[in-house]
Amino acid sequence: MAGISLDLAPGSSLLVVGPSGSGKSTLARAVAGLVPWSAPGRLGGLLELDGIPVGGSESGALVARIGVVFQDPASQLVMERAEDDVAFGLEGRGWPPPAMRARVPAALAQAGLAGFERRRTARLSGGEQQRLALAGAFAPHPGLLVLDEPTANLDPPGALAFAERLATVHRARTATIVLVEHRADLAWPLADLVLALAADGTPLALGAPAELLTRHRPALQAAGIWLPDEPMPLLPATASARPGPALAEARDVDFAFERGIGVLAGLDLAIEPGTGVALLGPNGSGKSTAARLLVGLLRPTRGTVRVGGRDPSRVAPRDLARLAGYVTQDPERSFLAATVEGDLLLGLTPDERTRAGDVAAALGLELGRFGSRNPFTLSGGEQRRHSLACQLVRRPGLLVLDEPTFGQDRRGYEGLLALVRARVEDGTAVVAATHDLRFAADLAGRVVRLAGGRTVEGLP
Amino acid sequence: MIAVPGRADRVATSLLGRANPLATLAIAIAWLLALATTTDLRPPLLVAAVAIAAALTLGRVPPADLARGLAPLWLAALSVGFFNALLSPANADPAATVVLALGPLRLTEPALAAGLALGLRVVAIVAVGVAWGRITDPTHLTDALVQQGRLPERFAYGALAALQAIPWLAEDLVALREARRMRGLRASWHPRVLVGLLVLAIRRGDRLALAMDARGFSAPGRTRYREVRWAALDAVVVLAGLVVLAGIVALR
């Protein structure tokens with residue numbers, strides 16, 4: 001990140017866009033007054049909030065006027081129960097106890113969490129945790145809201161409701177808003193000012209949204225930045241289902257992590273080779289659980305799962321990795337080596353090793369540039385593509401992806417889509433659990449929704 | 001996932017749940033210290049029984065919950081009692097009455113009594129500890145430690161946050177082992193898995209600290225959402241605990 005200059009008037013909103021790895025999150029942390037005081041880094045130039053320089057002796061008090069939501073909602077919940085977590089920010093800002101007791105339930109209700117006061121934060125679903133993080137940031141009526149991908153874990157209705165809420169705040173001019181968001185259709189209408197960053201972190205363009213779209217469109221597109229008026233589906237569909245026996249099959253599957261608290265009940269799903277299936281469903285509907293069942297990481301409580309005629313939970317790891325591939329929702333939890341290259345080559349046959357570089361390059365992670373980096377230092381979008389490369393390289397017959405497009409810029413998305421589509425055309429069965437309706441449309445095959453623990457074909 | 005909010009709230013609104021956790025902690029410690037002064041068999045049994053009964057009635061802890069917490073108790077008490085009896089120097093005393101002889105092994109009456117006393121002590125310690133753990137809400141305890149115990153806030157709330165991270169650690173472990181399986185490797189205790197676990201824990205700690213600061217944790221003039229004060233109830237709880245203790249000691 002380098003050479004950024006801008007003035008943001010009170011009550012106005014700034015949208016920060018840029019390709020994956022361009023420093024959007026770093027900028028958000030700096031604006032939130034956390035660099036270098038709490039987060040590592042060096043700040044050059046001048047960053048002032050309301051005339052007070054960030055990073056100085058008054059930083060603690062300054063931060064108290066800012067509401068921040070980071071990318072990963074789970075790691076920013078501090079307290080054990082929802083109400084205490086919302087109150088935590090109010091305590092830090094010196095609210096009197098009676099005012100806190102009135103504000104906490106209201107803030108929860110505004111985030112769509114009415115009645116969640118006593119719920120344990122660790123037991124909430126990803127979408128609910130995101131809502132709680134938002135409730136905590138909004139509760140103290142901050143003068144500045146810094147939001148880093150706030151809709152990432154929300155289902156489409158939840159994301160829409162959040163965008164409407166942000167629009168209300170913006171109309172009332174009660175808070176200045178700095179927003180980092182890939183979902184252009186939601187974010188651009190909210191912005192007074194858009195700052196586009198180039199891949200190296202330098203400013204590419206700065207201006208009103210309409211002005212940027214008319215004057216800088218080619219530059220933004222070339223940088224791989226999502227624009228609000230992209231066609232959907234993005235690329236014309238080519239894949240088509242092939243008749244034939246199913247490669248992967250779940251029959252009448254029930255699953256419960258704890259007795260009596262069922263996640264899935266009577267799930268039926270058959271996937272033919274050469275098909276792409278988008279698995280949709282609201283937050284907490286069991287998409288990730290279904291994904292893990294299909295590749296044999298979980299065993300159904302009742303019913304059967306078959307991949308290539310075998311029970312995937314009983315296949316030896318060596319064979320399983322070539323039978324089925326699975327990309328988890330949280331890529332950091334799948335890194336097994338200290339470098340990108342080491343992680344990619346882990347457990348590969350010599351034959352697979354020779355094509356590993358090509359797979360990584362097709363996903364925009366050339367080993368020459370990224371190979372020696374620690375996978376944890378990659379940006380969110382890059383991490384996700386790296387964990388996809390680790391699975392694609394073995395050419396499994398069934399490929400199960402959990403939220404593969406989250407945090408991807410337009411170029412990353414295109415590379416990922418092209419590769420996944422090529423695999424589908426080669427006869428791979430692909431299942432993608434996703435909230436991304438664009439990816440569902442682009443994957444072009446079937447759409448299956450999870451509702452009440454079972455599957456329903458097609459969009460509502 | 002479906003949470004069960006009712007269960008924890010039942011305990012939190014119970015008589016012992018409302019009492020200051022430091023008051024119940026003081027009673028628990030007093031009981032255990034008093035046990036150290038006697039080798040009698042009856043006091044530890046009575047202390048354990050009173051602790052369990054109080055948790056069930058005054059603390060409204062669901063019996064199944066308490067039973068789960070107490071499960072390791074029997075094994076611990078049995079093994080401590082058994083090995084102390086077996087390895088007791090009293091077994092070497094030729095004058096002692098032999099209860100059991102198996103080849104070179106002798107089990108004498110005084111050794112058996114000593115083992116039993118120790119085993120029952122373990123029963124009492126575990127029962128009191130588990131009962132206190134079940135009636136105590138971690139957030140309530142932390143608030144009391146900060147407000148009455150004068151513990152530094154940063155340390156206390158940091159520790160509370162770390163406590164919540166333990167389930168995350170378990171999930172990280174599952175995820176890392178699954179990742180190995182999906183790469184065609186055995187999901188064993190490979191050192192790499194443990195390194196990964198450590199890396200994830202450190203990163204989570206970093207983010208948590210950042211999130212706490214971002215929400216004004218270090219700002220001056222912090223107020224309190226839950227004020228914990230000494231109340232008449234706490235005096236009653238402490239007094240009742242001491243009366244019960246005196247009764248048990250007098251009974252022997």
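Throughout, read-outs are computed from the coordinates displayed, never taken from laboratory work. Note that the structure is a prediction, hence the values are computed from the model and not measured. As a convention, Cβ positions derive from the backbone with ideal geometry for all residues, glycine included, and neighbour counts pool all protein chains shown.
Annotations for the structure displayed:
- 5 angstrom amide H check on residue A:326, placed H, neighbours 5+ away: A:400
- Cα-based helix-to-principal-axis angle, B:153-182 vs chain B, degrees rounded to 10: 90 degrees
- DSSP loop chymotrypsin sites (Phe, Trp or Tyr not before Pro) with at most 16 other Cβ within 10 Å excluded, longest remaining stretch of chain B: B:1-188
- Put simply, the amide H of residue A:263, placed in the peptide plane, has neighbours under 5 Å in A:255, A:256, A:257, leaving out anything fewer than 5 places away on its chain.
- Potential lengthening of the chain between residue B:109 and residue B:190 amounts to 24.3 nm, from the contour at 0.36 nm per residue minus the alpha-carbon distance.
- Remark on the stretch B:151-214: hydrodynamic radius 13.1 angstrom, per the Kirkwood mean of 1/r across alpha carbon pairs.
- Whole-Å distance, taken between Cα centres, linking the stretch A:137-214 and the stretch B:142-198: 33 Å
- Averaged over the residues of peptide B:173-179, the number of Cβ atoms from other protein chains lying within 10 Å of each residue's Cβ is 5.
- For the stretch B:228-234, Karplus couplings with θ = phi - 60° (6.51, -1.76, 1.60), whole Hz, Gly/Pro x: 9, 10, 5, 10, 4, 4, 5
- About the centre of its Cα atoms, the stretch B:151-214 shows a dipole size close to 480 debye [charges on the beta carbon of Lys, Arg (+1) and Asp, Glu (-1) only; nearest 20 debye].
- Per-residue mean of foreign Cβ neighbours for B:185-195 is 2 (Cβ atoms of other chains, 10 Å radius).
- Take each residue in A:319-329, count the other chain C-beta atoms within 10 Å of its C-beta, and the mean is 2.
- Assigned charges on the beta-carbon of Lys, Arg, Asp, Glu; chain B dipole about Cα centre (debye): 820 debye
- Normalised size of the stretch A:248-457, defined as Cα radius of gyration per 2.2 N^0.38 Å with N residues, equals 0.98.
- Estimated inter-spin distance, residue B:206 and residue B:45, nm [label 7 Å along Cα→Cβ]: 5.8 nm
- Furthest towards positive pole of dipole, A:370, B:191, A:88, structure part the protein assembly as shown, Cβ charges: B:191
- Relative contact order (percent, whole number), the stretch A:248-457, Cα cutoff 8 Å, 6+ residue spacing: 32 percent
- Likely footprinting exposure, A:170, B:190, A:435, fewest C-beta neighbours within 10 Å first: B:190, A:170, A:435
- Solution diffusion estimate, µm²/s, Stokes-Einstein, the stretch B:1-124, Kirkwood Rh from C-alpha pairs, 4 °C, viscosity 1.567 mPa s: 76 µm²/s
- Hull volume per residue, based on the alpha-carbon atoms of the protein assembly as shown and their convex hull, is 192 Å³.
- Sorted by Cβ density within 10 Å, fewest first, the residues B:140, A:386: B:140, A:386
- Length-normalised contact order for the stretch A:13-222 - Cα pairs under 8 Å, 6+ apart - percent: 29 percent
- Rounded Å value of the spacing that divides the Cα centres of the stretch A:385-400 and the stretch A:427-460: 19 Å
- Straightening the chain between residue A:425 and residue A:304 buys 40.8 nm, computed as 0.36 nm per residue apart minus the Cα-Cα spacing.
- With the Kirkwood sum run over all distinct C-alpha pairs, the stretch B:106-252 has a hydrodynamic radius of 20.4 Å.
- Around the Cα centre of the stretch A:248-457, unit charges on the Cβ atoms of Lys, Arg, Asp and Glu (plus for the first two, minus for the last two) sum to a dipole of about 280 debye.
- Near the amide H of residue A:16, within less than 5 Å, lie the amide hydrogens of A:179, A:180, A:181, A:195, all on another chain or at least 5 residues away, with H placed in the peptide plane.
- Label point distance in nm, residue A:369-residue A:106, each placed 7 Å from Cα along Cα→Cβ: 4.9 nm
- Taking the charge dipole of chain A about its Cα centre, with +1 at Lys and Arg Cβ atoms and -1 at Asp and Glu Cβ atoms, the residue from A:3, A:279, A:208 reaching farthest to the positive side is A:279.
- Working from Cα pairs under 8 Å separated by at least six residues, relative contact order for chain A is 18 percent.
- Helix-only CD estimate at 222 nm, as mean residue ellipticity for the protein assembly as shown, using -39500 (n - 2.57) per DSSP H run (n ≥ 4): -15000 deg cm²/dmol
- Cα-only radius of gyration and Dmax that characterise chain B, units Å: 23.6, 73
- Karplus (6.51, -1.76, 1.60) ³J(HN,Hα), θ = phi - 60°, over the stretch B:68-84, in Hz, Gly and Pro reported as x: 5, x, 7, 3, x, 4, 5, 5, 4, 5, 4, 5, 4, x, 5, 6, 5
- Note that the stretch B:66-119 shows a convex hull volume over its alpha carbon atoms of 74 Å³ per residue.
- Projected label distance in nm at residue A:5 and residue B:154, using a 7 Å step from Cα toward the beta-carbon: 3.7 nm
- 12 Å reach of a label modelled at residue B:9, 7 Å along Cα-to-Cβ, counting backbone N of the stretch A:114-131: A:115-120
- Residue order, fewest to most beta carbons within 10 Å, for A:232, A:79: A:232, A:79
- Among beta bridges that DSSP assigns inside the protein assembly as shown, antiparallel share in %, nearest 5: 45 percent
- Sequence-ordered 3J(HN,Hα) estimates for the stretch B:95-100 from the Karplus curve with 6.51, -1.76 and 1.60 and θ = phi - 60° stand at 7, 5, 6, 8, 8, 8 Hz, glycine and proline given as x.
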